[in-house]
Every structure is written in structure tokens, then in C-alpha cells.
1. I'm trying to understand the selection: among the residues of the stretch 380-439, which are crowded, with 24+ Cβ neighbours inside 10 Å, in a loop (DSSP other than H, G, I, E, B) and of a type in the set (V, I, T)?
2. Going through the stretch 262-284 one residue at a time, which ones are surrounded by fewer than 24 Cβ atoms within 10 Å (Cβ to Cβ) and either under 16 Å from Q331 (Cα atoms) or not assigned by TED's automatic domain parsing to the domain that holds A315 (or both)?
3. Any idea which of (1) surrounded by fewer than 17 Cβ atoms within 10 Å (Cβ to Cβ); (2) within 12 Å of the ligand (Cβ to nearest atom); (3) acidic (D, E) is the one E215 doesn't satisfy?
4. Can you name the condition, by its number, that L354 falls short on among (1) in contact with a strand residue (DSSP E or B) (Cβ under 7 Å, 6 or more places away or on another chain); (2) closer than 27 Å to T252 by Cβ?
5. Give the residue that is farthest from the ligand (Cβ to nearest atom), with candidates limited to residues of the stretch 177-199 that are without any contact (Cβ under 8 Å) to a residue 60 or more places away in the chain and open to solvent by less than 10 Å² (accessible area, probe 1.4 Å).
6. Pull out all pairs, ordered by first then second residue, where Cβ-Cβ is under 6 Å, the residues are six or more apart or on different chains, the first lies in the stretch 272-298 and is away from the ligand (no atom under 15 Å from the Cβ), and the second is charged (D, E, K, R) and open to solvent by 20 Å² or more (accessible area, probe 1.4 Å).
7. Would you list the helices (runs of 4 or more DSSP H) that sit entirely within the stretch 66-170 and hold 3 or more residues that are open to solvent by less than 50 Å² (accessible area, probe 1.4 Å) and more than 15 Å from the ligand (Cβ to nearest atom)?
8. Return only the number of the condition from (1) open to solvent by 30 Å² or more (accessible area, probe 1.4 Å); (2) in the same structural domain as N333 (by TED's automatic domain parsing); (3) more than 16 Å from the ligand (Cβ to nearest atom) that I52 does not satisfy.
Amino acid sequence: MTNPEELLQRQREVLPDWIALYYERPMELVRGEGFKVWDSEGNEYLDFFGGIVTTISGHAVPEIVEAVREQAGKIFHSSTLYMIESQVKLAEKLVSLSPISGDQKVFFVGSGSEANEAALLFATQYRNSSEIIALRGSYHGGSFGTMGITGQSSWRPTPRSAIDVSYAMTPHRSYSPLYERFEGDPEGFARACADDVRRLIETATTGRVAAFIAEPIQGVGGFIEIPPAYFGRVKEVLDEYDVLFISDEVQTAFGRTGANFWGIEASGVEPDMITMAKGLGNGLAIGAVMGRADVIDSISPKLHISTFGGNPISAAGALANIEYVLKNDLQHNADEVGSYLKERLQKMAEGNPLVGEVRGRGLMLAVEIFGPDGEPDPQGAVRFLQACRERGVLVGKGGIKANAIRISPPLTITREAADEAADAFEEALAEVGASARVG
Ligand SMILES: Cc1ncc(COP(=O)(O)O)c(C=O)c1O
């Protein structure tokens, strides 16, 4: 096996410089089993990031591996010009689990970005409008269209866009100037932030907006929880102006948030479309838009294809994955173990000035790292990641200020694994604190 230094050198020769790699000494993961992974040097880790919030059922799950193996032995590929039974079955399963009522359709693609691209296509065609409202701090993908509705400049290397986007305020204590005025009054805060969306529609758009798109918990933004009450109030505003609601559930679907199967269900709001990827395939390349049949069927001319979308292997694997999530009630485990882990993180944070907010739901948890000066500390977050690695735990990073530690293991983790990781987090935090004092 190639050693990591040599592989890095070769990667730098032929892959783009801007591909983000974690750690000063980047690693290659070569094997996984359940919630554990091994690097090319044989080191074992608890996988508490799940390949960016993706590995929902865990690695090398026999039922999923077998479904992929069986399909691979039959046919890899046919394209959407031919029917694919596993794709139809997967769509039937997703619709049966959908929080949207009425007739629905599902369109399969290869990734989260593509799912959002497709949702933008359907919404803009249905409403005959190119205007979209997104939230500041959002991340909707790395393709040209989806970067155009991403509210984080660090993930938006070009200001150009095919979409006419207006950004609404992030309804969160750290990002909304309204928060202080409504402290202790979450309903009032939600209403005031939703009123901002109304003002945005009335002042910054033509009034004919195609869609409002939001993540129920902003993922790349650092697991920022959008208050469920906000979505309730915003939906009333959207209904007044006939604006469609797209819930970007690329990170929050399939029980990840614990209490709900879909993140948006916490608000009781029925979106018009849901976009998904990541956990859908547990690592297989698949994404989808599910939503109102009249919206998805509205494109004109009425011809569209996807060469790889929902291909036989991804569809068969995703179906086995969703069945595994349901059969083993992983949502319940995410709720139970996630609440337990969150309590441990909150205890770690108590009285520690290096920790800001501990937030998130289910197994989508974040811890903000602050410096001794009380400011967000992105370097401290980098040191925390490294210190966790040295203790055998992989976690992620994110946030507008790049100081949020993101914790999103497979939904199969046990309390013991949560304890082991939490012990590592406490030690890592102490190490960050010590180096901050020395520094
Ligand atoms: C909420 C959200 N939407 C869309 C995407 C884009 O998905 P992909 O990287 O599969 O294109 C991501 C990726 O992180 C995401 O978090």
C-alpha cells in the first residue's frame, strides 16, 4: 500500500489544489466495518463524521453489500431510457415515507448538488420565474446552479449565477440581529424572522418568486438549527405569494435528526419538494428530488434523461440501505444515543470558555470552539480535529467561521462508542486549551 506522504505528493501532481483535505498529514481510509474505519497504515478510528454525514447505516453492512454485489453481477448500467425495477421500488418506498401529501413523483440523480439543480429546474419551470430565496449560511452544492443559492462565500468561488437569488436572514442567535430583541420568546423571534422573508419578497423581488429553499439544520454551515417555528411562519408567508418550499434534506433525512425521519417534520410544515442524497445511498452515488407530482411533471419540453441517476447498482444498494434503516429503527437509536451524547457535550462545555454553543439534534451535533479572546477560533478547531485523530476518533468541521466541530456518526453507534468518543473530545479540548495558553 502506498504510504500517505507519497500518495499526497502524487495527488498534488494530478488532482486540483483546491480539493480540501483534513489534517496536516492527510490520510487514506481503506476499510470500514460498522462505525469503525481503518487508514492505510492500519490505524483504527471511530468514524464520527461518516464521510460528511453520509454513512448512515455504517460501513460494509452485509445486507447492503450483498444487494450491491448481486446487482453488479447482473447489470451495472442501463440508463433511464430503460425501466429499472429497483428504482421504481425505491421511489415507492420513499413516497410511502414522505411527509408530503397527495400525488408525488421522485426523480433520481447522482448527488445532492444534482438533486438541488433538478429541484431548481422544476420550481423555476412551474412558477415561470428565475427567482429563489435562500438563507444566509446555507450550502446547497458545488455545481454552478447550486453555488448560486449557497449563502457562504467561502463555498462560492464565483459570484456569477443563473439564478436570481435573494438571501434571507439566518434565524439563529449568532446570525440574526433580531435575536436579542426576542430573547426568551422563540415564537416572537420566529415571527420576526419570517416577517423579514415577507419584506424580502416585497422589496427585493418581483413578487413572483419560484421557491424558498432551506436546510432544516444547516449542515456545512455548522449544524445551525433553524427553529421549527420559523418554518411554520415562513410557510404562511410563502403560501400568500404562491412560493414553493424546497426542503434540502441532503444531510437531515432518514432519521439523522433523531426525533423525526425527515428534518422538516420537526416544524409540521409540508414542503412542496424534498431533496436528498448522502444517507440515501449510505455512500453510493445517488440523489433524488421527491415532491408534488404537478410540480415535478411540469417541465417543458417534456423530455429529460439522467444517464446515471438511480442506476441499477445505486438504486439496489439504496433500497437495501433504507430497508436496513427502517428494520433496525436507526432513527430511534439516533434519538437515544444522540441525546445522551449531547448531554455529555453540554457537560464538557459547562464553564469552559473554549466552548461556545453545543447544538444539533439526533446524531447531527456540533460544538463551537472559541479562543481565549472569546472569538471563534478556526485554528483551535483544526487542533481539536487533530487531537481527536490522535485519540482514534474522526470528526468534521464547518461553520461560517470554520470553528464548529461536526459530529455525525452512523446511526448505529452504541452508548459505549459515544462515551469513548466523548472521552476523546474532553481530552482534545484540554489539549487545545493548553496549547492556547502556551500560544
Ligand atoms: C445540504 C446540502 N445540500 C447539497 C449538498 C451537495 O451534495 P453533493 O456534495 O452530494 O453534491 C450538500 C453537501 O454537503 C449538503 O450538505
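1. Correct list: V395, I413.
2. W262, E265, A266
3. (1)
4. Every listed condition holds for L354 apart from (2).
5. To start, the set of residues in the stretch 177-199 that are without any contact (Cβ under 8 Å) to a residue 60 or more places away in the chain comprises 177-196, 198-199.
Right, trim to open to solvent by less than 10 Å² (accessible area, probe 1.4 Å) and you get 188, 190, 193-194.
On the way: G188: 28, A190: 21, C193: 20, A194: 21 Å.
Ranking the qualifying residues of the stretch 177-199, first place goes to G188.
6. These pairs meet every condition: D272/R292; A293/D103; A293/K105; I296/K105.
7. Values: elements: 85-97, 112-127, 144-147.
The qualifying helices (runs of 4 or more DSSP H) are 85-97, 112-127.
8. Exception for I52: condition (3).
The values are calculated or read from the model by the stated rules, or taken from the named source; none is laboratory data. Worth saying up front: this structure is predicted, and the values here are computed from it rather than measured. All Cβ positions, glycine included, derive from the backbone under ideal geometry; neighbour counts span all protein chains shown. Surface accessibility is based on the protein's heavy atoms, side chains included, excluding ligands, DNA and RNA. Shrake-Rupley method; radii C 1.70, N 1.55, O 1.52, S 1.80 Å.
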